[in-house]
Amino acid sequence: MIKKQFLFFFLLVVFTFTAKSQSQFGFFGSNQKEQFVRFNLINNLIVIPLEVNGKQLSFILDTGVNKTILFSLSENDSLGLRDVKKISLQGLGKGNPMEALISTNNTLKIKDFVGENQEIYVILKDRFDVSGKMGVTVHGIIGYQLFKDAIVHINYVTKRVYFYNLQFYTYDKCRKCQTFPLQFYRNKPYIDAKIQLDTVGNAQTDVKLLIDSGGSESIWLFENSKKEIQTPIKHFKGVLGEGISGTIYGKKSRIKQISIGTFKIKEPTVSFLDSTSTFFARRFRERNGSIGGNILKRFKIWVDYKNKTITLKKSGSFRGGFEYNMSGLDVVYNGKILVKEKQSSTFSDAYSSGNSETTNTKTVSIISRYAYRFKPSYKIKHVLKNSPADLAGLQVDDVIISINGIKAHQLTLKELLGKFQAGHNKRITLIVERAKVDMKFHFNLVKRI
């Protein structure tokens, strides 16, 4: 799904030193069989609570990364990071590597599931503003370190992640489940699938895709990673997201189908990435792209890194559609604003007219006072060239005041962006603040793919 034009990123770590081996996660009680944690699902991404050196933070659970990465700390977040050294990081995007730190001997904890002596990579400058894109504070991402020492079950419906003790876990018989082998490269899991592209008729193309729970879209495909993988004629160009090495560009389209075993998913949205933006990701030459959260959320998932398998079972959302942002706007969280709100009190005045069977009731509403509360603010991060919003005159850094008569601060970021998926030719009216002046714009959503 190209929903909300938000993508996460892949990382390739370029070491300036020799890395130490990681210690294992384990349970407090040696006989403890499982542990679960509730998560928030935001833009198809799993956000879990993770305690770092005694400090409760929020991390994205990402199968697409092999390192634990911290990228958003405020002045109030004191973690006591230990044994710090400088490194550089390189990832998707066209920019230069980023300076970062590595800290060892840290303690990570999810309830009773604990990892001692853990490495954490600390990005000093948060280029991609993940918290802004998600509308909530997110401090980092974690993947391999949690998956390698347990069998992990993700239930997108109940919004729970279960960590099962490898010593005690046994697989239950599941008639509607399918289990697939995983291939690992740099501790990241890959699965074989088939795609049906509109440029090759009904032919099926075998592809190897990264399982990427840290990507919000449906599918990424690397152009020309196979001769059959070409962008369909019907597509549009745009910004796909921000990576460690800069902005990620590509083409957005649909394909007829993706098949994983006997599971067939019809007409998913797809982003085709050029070779420049994905230079480092293509070092695994067998890789053709990624499966993201908008595919994964349609399944109940069991991931077994030790035995190199993944088990999938359809969930209730399996047949849901694949909508996308039709406005051309990339909108992000812009901090809190102080909003003045009316608070009214209602009084009922009842009296008798003298007839015992008749009672007159007079109701009076009185506005008694105003309350001031901090509410979310949103601004435009990108405007896609020649999109409906661009042609209407909207610009980067415009602050959204209202959309279709609804005050922006009354909406979550998800709800606001959902207005841009309302359907072809849907009329959008935006009031924005630009240079301290309120301005009104109108445009219609346009279906491009």
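The values are calculated or read from the model by the stated rules, or taken from the named source; none is laboratory data. These numbers come from a predicted model, not from an experiment. Heads up, the Cβs are rebuilt from the backbone with ideal geometry, glycines too, and the neighbour counts pull from every protein chain shown.
Go through the residues of the range 137-150 one by one and say whether even a single one is exposed (fewer than 15 other Cβ atoms within 10 Å of the Cβ), within 26 Å of Phe27 (Cβ to Cβ) and in the same structural domain as Ile48 (by TED's automatic domain parsing). Working first, answer last.
From the range 137-150, those exposed (fewer than 15 other Cβ atoms within 10 Å of the Cβ) are none; that's our starting set.
There is no residue in the range 137-150 that is exposed (fewer than 15 other Cβ atoms within 10 Å of the Cβ), within 26 Å of Phe27 (Cβ to Cβ) and in the same structural domain as Ile48 (by TED's automatic domain parsing).
Under 7 Å between Cβ atoms, which residue pairs at least 6 apart in sequence (or on different chains) link something in the range 377-391 that is touching a residue at least 12 places away in the same chain (Cβ under 8 Å) with a partner that is surrounded by fewer than 20 Cβ atoms within 10 Å (Cβ to Cβ) and of a type in the set (Lys, Arg)?
The qualifying pairs are Ser377/Lys336.
If we scan the range 200-221, do we find a residue that is part of a loop (DSSP other than H, G, I, E, B), of a type in the set (A, V, I, L, M, F, W, C) and in the same structural domain as Asn307 (by TED's automatic domain parsing)? Show your work before the answer.
Step one: filter the range 200-221 for residues part of a loop (DSSP other than H, G, I, E, B), giving 201-204, 212-218.
Among the residues that remain, those that are also of a type in the set (A, V, I, L, M, F, W, C) are: 203.
After this cut, where a residue has to be in the same structural domain as Asn307 (by TED's automatic domain parsing) as well, the list is 203.
Among the residues of the range 200-221, at least one is part of a loop (DSSP other than H, G, I, E, B), of a type in the set (A, V, I, L, M, F, W, C) and in the same structural domain as Asn307 (by TED's automatic domain parsing), which makes the answer yes.
List the pairs whose first member sits in the range 395-409 and is under 10 Å from Tyr378 (Cβ atoms), whose second member is surrounded by 13 or more Cβ atoms within 10 Å (Cβ to Cβ) and hydroxyl-bearing (Ser, Thr, Tyr), and whose Cβ atoms are under 6 Å apart, counting only residues at least 6 apart or on separate chains?
These pairs meet every condition: Ile400/Tyr378; Ala408/Tyr378; Ala408/Ser402.
Among the residues of the range 166-183, count how many are loosely packed, with under 13 Cβ neighbours inside 10 Å and either in contact with a Phe, Trp or Tyr (Cβ under 7 Å, 6 or more places away or on another chain) or within 22 Å of Phe25 (Cβ to Cβ) (or both).
Of the residues in the range 166-183, 3 are loosely packed, with under 13 Cβ neighbours inside 10 Å and either in contact with a Phe, Trp or Tyr (Cβ under 7 Å, 6 or more places away or on another chain) or within 22 Å of Phe25 (Cβ to Cβ) (or both).
Where in the range 373-449 are there strands (runs of 3 or more DSSP E), lying fully within it, with 1 or more residues that are surrounded by fewer than 14 Cβ atoms within 10 Å (Cβ to Cβ)? Don't jump to the end; show me each part of the working.
Working: elements: 399-403, 427-434, 437-444.
So the answer is 427-434, 437-444.
Return yes or no: is Val161 in contact (Cβ under 8 Å) with a residue 24 or more places away in the chain and buried (at least 16 other Cβ atoms within 10 Å of the Cβ)? Steps first, answer last, please.
Values: in contact (Cβ under 8 Å) with a residue 24 or more places away in the chain: yes; buried (at least 16 other Cβ atoms within 10 Å of the Cβ): yes.
The answer is yes for Val161.
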